[in-house]
1. Which residues, taken from segment A:279-317, are of a type outside the set (S, T, N, Q) and within 15 Å of A:R358 (Cβ to Cβ)?
2. What strands (runs of 3 or more DSSP E) lie completely within segment A:1-111 and have 1 or more residues being away from ligand 1 (no atom under 16 Å from the Cβ) and open to solvent by 10 Å² or more (accessible area, probe 1.4 Å)?
3. For segment B:140-156: of the residues being touching a residue at least 24 places away in the same chain (Cβ under 8 Å) and in a loop (DSSP other than H, G, I, E, B), which is nearest to the other protein chains (Cβ to nearest Cβ)?
4. Applying the selection to segment A:112-126, what residues are assigned to a loop (DSSP other than H, G, I, E, B) and either within 14 Å of chain B (Cβ to nearest Cβ) or touching a Gly at 6+ places or on another chain (Cβ under 9 Å) (or both)?
5. Does A:R119 satisfy the criteria of being surrounded by 17 or more Cβ atoms within 10 Å (Cβ to Cβ), basic (K, R) and away from ligand 1 (no atom under 16 Å from the Cβ)?
6. Would you mind finding the one in A:A279, A:A264, A:A305 that is outside the structural domain of A:Q194 (by TED's automatic domain parsing) and at pLDDT 90 or above?
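The values are calculated or read from the model by the stated rules, or taken from the named source; none is laboratory data. Since the model is a prediction, treat every value here as computed from it, not as a measurement. Using ideal geometry, Cβ is built from the backbone for each residue, glycine included, and neighbour counts are taken over all protein chains shown. Areas reflect the complete protein model, heavy atoms only, side chains present, ligands, DNA and RNA absent. Shrake-Rupley method; radii C 1.70, N 1.55, O 1.52, S 1.80 Å.
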Amino acid sequence: MGRITLTNIDRAYGKVKILHDISLDVGDGEMLVLVGPSGCGKSTLLRLIAGLDRPTGGKIEIDGIDVTEVSAARRGLAMVFQSYALYPHMSVRQNLAFGLENIRMPKAEIDQRIAEASRMLEIAPYLDRRPGQLSGGQKQRVAIGRAVVRNPTAFLLDEPLSNLDAELRISTRAELAALHKRLATTMVYVTHDQVEAMTLADRIVVMRAGKIEQVGRPLDLYNAPANLFVAGFIGAPRMNLLPVKVRSASATQVDVDGPGGLSATVAVDGSALKPGDDATLGIRPHDIELSDGGKGAVEAHVTLAEALGPETVVHATIAGDNRLVAVLKHQGVETRGAPLSLVLPPERMHLFDSAGLRVASR
Amino acid sequence: MVGHPQRPVAKAPKDIVKVNIADRQPVREIGFATENYTEPFVHFDFMRYLRNSVFVTAMATLITLLTNSMAAFALSKYKFRGRDFTMLLIVGTLMVPLSVILVPLYSVVSAVGLLDSLWGVILPTVATPTGVFLLRQYMLTIPDELLDAARMDNASEWQIYWRIVLPLAAPALAVLAIFSVVWRWNDFLWPLVVLSRKELYTLQVGLNTYAGELNVQWHYILAMTVVTMIPVVLVFVFLQRYITSGIAGTGLK
Ligand SMILES: Nc1ncnc2c1ncn2[C@@H]1O[C@H](COP(=O)(O)OP(=O)(O)O)[C@@H](O)[C@H]1O
Ligand SMILES: [Mg+2]
C-alpha cells in the first residue's frame, strides 16, 4: 500500500510563504507528477512528504496514518535526489546496502536484494566501483537502485533526469516508466519539464508559486486546461493566446472578435460573459491549418520558419504585435516577411475569461 | 685623608718549575661527541619522557579530532539560533593567548584534581578554535542532500556524523591531525606548569632539567633537541603532500 494524502499543507520560511494550502491525494500505485516552473515549491513539497522538512500547517497521511510529525526514516519512503546524493566514499554495493544495514537486515537478505536490484537496473558490473568512477547515467541507476532495494511504500523522485544529456534522458524516462509498471509502487515525481510529465504521469499536478493550479490526467490537462497558466505550460510549443472581445454570448456559444480580422464562434457556456468583455482565445500550434482561400482566414506575417522535415514550425505575427506559432504538416516554403493565411478551427479553440479561467463547454 | 695601602713586596719563588713547551696538550678537542646522544639515554630518563610525550600527543590529537569535528558538524550542518554568533565566539578565542589565561586555567585544572597528571596536560588543549574553524569550513562543502539521503536511509544523526561526514572530511582531519601533533609535541609552558613530578615530564619539560640555576649543559640540551625534532620532521616529510593539498582544499592559506 502506498496512499499519500496531504490536507491543507502550508510551509513558510520566516514570513515568506512557499506553499499555500496544498491538498492532494496520491493513490496506491499511482505515478503522480508534480510539474511547475523552477522555484514554485515542488522540491519543498516533496521534502515535506519525505519528512525531511515539517509543514507549518496541515496534515500528511500515509495509508491513513498521520505521519506529519514522524521522522523521515520511519515513513518507509525512498527518495531519489536531483544530484543523486550517492555517498562518494562508499562503493556502489555499500551505497545500496547502507539503508538496509541501518535497519539491521540480515546480511543474506541484503545481498539478495542488491543482486536483484542490480540485475533489474543493470548495475551489476560496477558494484565495486566508487560513484566517482561512474558516468552520469550509471550514477542515476545506482541512485534509483538505492531506492529500489529499500522496497519502500512509495518513491519520491526530485528531477531525477535533469542532470542527464538529452538522449539519455529520453531512454531513462522510458526505463523509469517500465520500472513503475513492474514495481507497481506509488511514485511522486517532480519535474519542471512538461514533456516528462506528459509521458510519465498517471496524473499531473501543475503548480505555480506554491499553489496547485490543476490536477488531472495528462490528456485532460492538454485538452481542457483550467486556466491560462496551465494552458501555457502544458504542451510544446506553447498554446497561442490571443486577446479577443466578446461580441455576443449565450449558454451554448460565444462569438468573439480578435486581431487580424479574427472572428470565431466557440461552443462554450458563455452565460457568465457579457458582450464587450475582454477574453483570451487559446489555440494550439498543431491545430492551426493553412487556409485554402476560403472564408474565416486570419492574415499573418511570417517572422521565422523552421523546417523540421515532417512539419514546419512557423512563427508569425497577426495585426502587428500578436505573435502566433503554427506547426504546419508540410515541408514549408514560407519565407520571412511573407503574408500567410491561416485557419484557426473553432472546435479546437479554448476560451478564457478576463480572470484567466477556462470558460467551460456545456 | 686617605692613606696609601702598603703593597706587599713579592718574594722570589723558592723552586722554579720548568715546563717544556713542546709537551703542551690541547684542552679542547674537535670530534664527534656521540656520548652527548648516548649519555642522556643512560642517565637521563629519556625513554620515560618520550613515552609521556607520545601519550600526550596521541591522546590530545585523537580527542582534538573527535571534539572539534563534532563541534564543526553541529556548526555547519544544523541550523539553530545563535549559530553564527557561537562560531564567532569560538574563533574569537584565537585572540586570547595562553599566557593570559594561564593562571585561571591553572586554578581550574587544580580544582578538578588534574594537577600533576598527563590528563591535566591533555584536556585543556583539545578544544582548538583553529581546528573547529578549519573543519567547519570543509564540512560546509559537503552537500546537504547527502545528509538527507542518509536520513532517508534510516541513519541516525550519530551515524550521519560517523559514517558520512567524518569520512568525507578526511582531508581536513588529516591537516588538523598534523597541526595537532606538532602543537602538542612542542608544548612547553603548559606541561611545565601542570607537571611537577619528574616521572611525568614530557620531553620538552625534561630537557629543561639540563638548564640548571648555575650551569646550563648545552651539549645535552642541543643533542636532545635534535632528537625531539625527529618525529616532527618525519611528520612533515611523509605528510607534506597532505598538508599542502589539504590546506588548499580547506580554503585556508
Ligand atoms: N531553506 C529555505 N529557506 C528559505 N527559502 C527557501 C528554502 N528552501 C527553498 N526556499 C524557497 O522556496 C521556493 C521554492 O523552492 P523549491 O521547492 O526548491 O522550488 P522548485 O519548485 O524549483 O523545486 C524558492 O523560492 C526558494 O527560494
Ligand atoms: Mg527543485
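1. Let us first name the residues in segment A:279-317 that are of a type outside the set (S, T, N, Q), namely A:279, A:281-290, A:292-302, A:304-311, A:313-316.
Within segment A:279-317, A:A279, A:L281, A:G282, A:I283, A:R284 meet the criteria.
2. Passing ranges, in order: A:4-13, A:16-26, A:57-62.
3. Selected residue: B:I142.
4. A:I123 - this is the single residue of segment A:112-126 that is assigned to a loop (DSSP other than H, G, I, E, B) and either within 14 Å of chain B (Cβ to nearest Cβ) or touching a Gly at 6+ places or on another chain (Cβ under 9 Å) (or both).
5. On the way: surrounded by 17 or more Cβ atoms within 10 Å (Cβ to Cβ): no; basic (K, R): yes; away from ligand 1 (no atom under 16 Å from the Cβ): yes.
So A:R119 fails the test.
6. Working: A:A264 fails: at pLDDT 90 or above; A:A305 fails: at pLDDT 90 or above.
From the options A:A279, A:A264, A:A305, the qualifying one is A:A279.
For (1) under 29 Å from A:P275 (Cα atoms); (2) open to solvent by less than 10 Å² (accessible area, probe 1.4 Å); (3) without any contact (Cβ under 8 Å) to a residue 24 or more places away in the chain, each residue gets a yes or a no:
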site: A:Q194; (1), (2), (3): no, no, no
site: A:A201; (1), (2), (3): no, no, no
site: A:R208; (1), (2), (3): no, no, no
site: A:P218; (1), (2), (3): no, no, yes
site: A:V256; (1), (2), (3): yes, yes, no
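Residues checked against (1) of a type in the set (G, A, S); (2) closer than 22 Å to A:A154 by Cα; (3) within 16 Å of ligand 2 (Cβ to nearest atom); (4) within 14 Å of another protein chain (Cβ to nearest Cβ):
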| site | (1), (2), (3), (4) |
| --- | --- |
| A:T7 | no, yes, no, no |
| A:K15 | no, no, no, no |
| A:I18 | no, no, yes, no |
| A:S23 | yes, yes, no, no |
| A:G29 | yes, yes, no, no |
| A:V33 | no, yes, yes, no |
